[in-house]
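J.: Got a structure for you, written out below as structure tokens; questions coming shortly.
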Amino acid sequence: MPIALNSAFNSNPLIKDNIASQFRLDILTGRLAPGEPIVEGKWATQLGVAQSSIRAALHILEFEGFVERGQGRSAQVARIPMENIPHFFAVRSALESLAARLVTERQVGLTELDQVVADMRSAVTCRNLAAFYERDLRFHLTLCEKAGNPVLTQMLRRLLVPLFTFVIIRTHEEMGETERWTRSIAQHEQILAVIRQGDPKRAEEEVAKILNYFSTDIDELTREKSRSGQEPG
């Protein structure tokens with residue numbers, strides 16, 4: 001059962017943001033399952049808020065890719081069928097490699113991304129899988145933002161958020177051996193290294209190659225989950 005918001009949220013002018021944060025947490029932790037409907041009236045009563053606040057929160061989550069509109073325009077938790085995962089990665093590779101080219105051309109600072117990678121390494125040290133993936137997603141979203149193309153950023157956000165939430169995060173239940181995660185960190189460091197070299201075309205090609213590695217890795221893991229009857233998403 002999702003955690004109910006307390007009455008303090010009723011006087012908060014940003015109540016929709018607080019509700020969105022609660023829904024987001026419930027989705028990420030699996031308390032709200034992929035495909036599960038979110039009925040505005042039911043949640044308004046349960047959380048003790050106006051139905052319009054629930055609707056506004058759902059608009060935020062729909063923009064971010066956590067929620068989608070089903071038949072009758074009712075909201076439901078987004079989901080990705082397994083057969084669509086390779087298609088998601090194919091589009092992701094095309095868009096994110098373009099982002100790498102644009103970031104290289106713009107010669108923007110990468111210090112923020114260096115810090116995210118350092119945080120990923122700390123998460124591995126602490127064996128904190130949730131923190132690792134939160135920072136992993138932040139790395140890719142930040143890279144997209146630095147491309148300076150708001151349309152590209154919006155498209156990648158709507159692609160990356162559900163991909164991470166319903167496939168990548170749920171592929172693992174615990175961190176286990178650290179080799180896989182340190183290998184992933186090395187790939188992220190390589191992305192930054194090739195961008196710093198200043199050749200846009202090479203950056204584009206290298207990022208496409210790295211994303212293909214991520215795609216193959218996740219494909220193998222999701223197939224293992226499927227065979228064991230624990231299909232993610």
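J.: Starting from the Cα of Ala33, step 7 Å along the direction of its Cβ; do the same at Arg183; then give the gap between the two resulting points in nm.
T.: 3.2 nm
J.: Now, a different point. Extending each Cα 7 Å along its Cβ direction at Ala208 and Gln190, get the distance between those two points in nm, one decimal.
T.: 1.6 nm
J.: Find how much the distance from His59 to Glu224 grows on full extension, using 0.36 nm per residue of separation minus their present alpha carbon separation; answer in nm with one decimal.
T.: Length gained, His59 through Glu224: 55.9 nm.
J.: Here's another thing I want to ask about it. Could you work out [θ]222 nm for the chain from helices alone, using -39500 (n - 2.57) per DSSP H run of at least four and dividing by all its residues? Round to the nearest 500 deg cm²/dmol.
T.: The helix-only estimate for the chain comes to -21500 deg cm²/dmol at 222 nm.
J.: Would you mind computing, in nm to one decimal, how far apart the modelled labels at Ala130 and Ala90 are, each placed 7 Å from Cα along Cα→Cβ?
T.: That separation, rounded to one decimal, is 3.5 nm.
J.: While we're looking at this one, here's another question. For the chain, list log₁₀ I(q)/I(0) at each q in 0.12, 0.14, 0.16 Å⁻¹, using the Debye formula over Cα point scatterers of equal strength and ignoring solvent, two decimals each.
T.: Scattering profile of the chain, log10 relative to I(0): -0.73, -0.96, -1.18.
J.: What do you get for trypsin sites (Lys or Arg not before Pro) in the stretch 108-209 restricted to DSSP loop and a cutoff of at most 15 other Cβ within 10 Å of the site's Cβ?
T.: Here the sparse-neighbourhood loop sites are Arg127.
J.: What do you get for GluC sites (Glu not before Pro) in the stretch 115-214 restricted to DSSP loop and a cutoff of at most 15 other Cβ within 10 Å of the site's Cβ?
T.: Sparse-neighbourhood loop GluC sites (Glu not before Pro): Glu173, Glu174, Glu177.
Coordinate-derived values only; no laboratory data. Quick caveat: nothing in here was measured; it's all calculated off a predicted structure. When we count neighbours, we look across all protein chains shown, and the Cβ atoms used for this are built from the backbone with ideal geometry, even at glycine.
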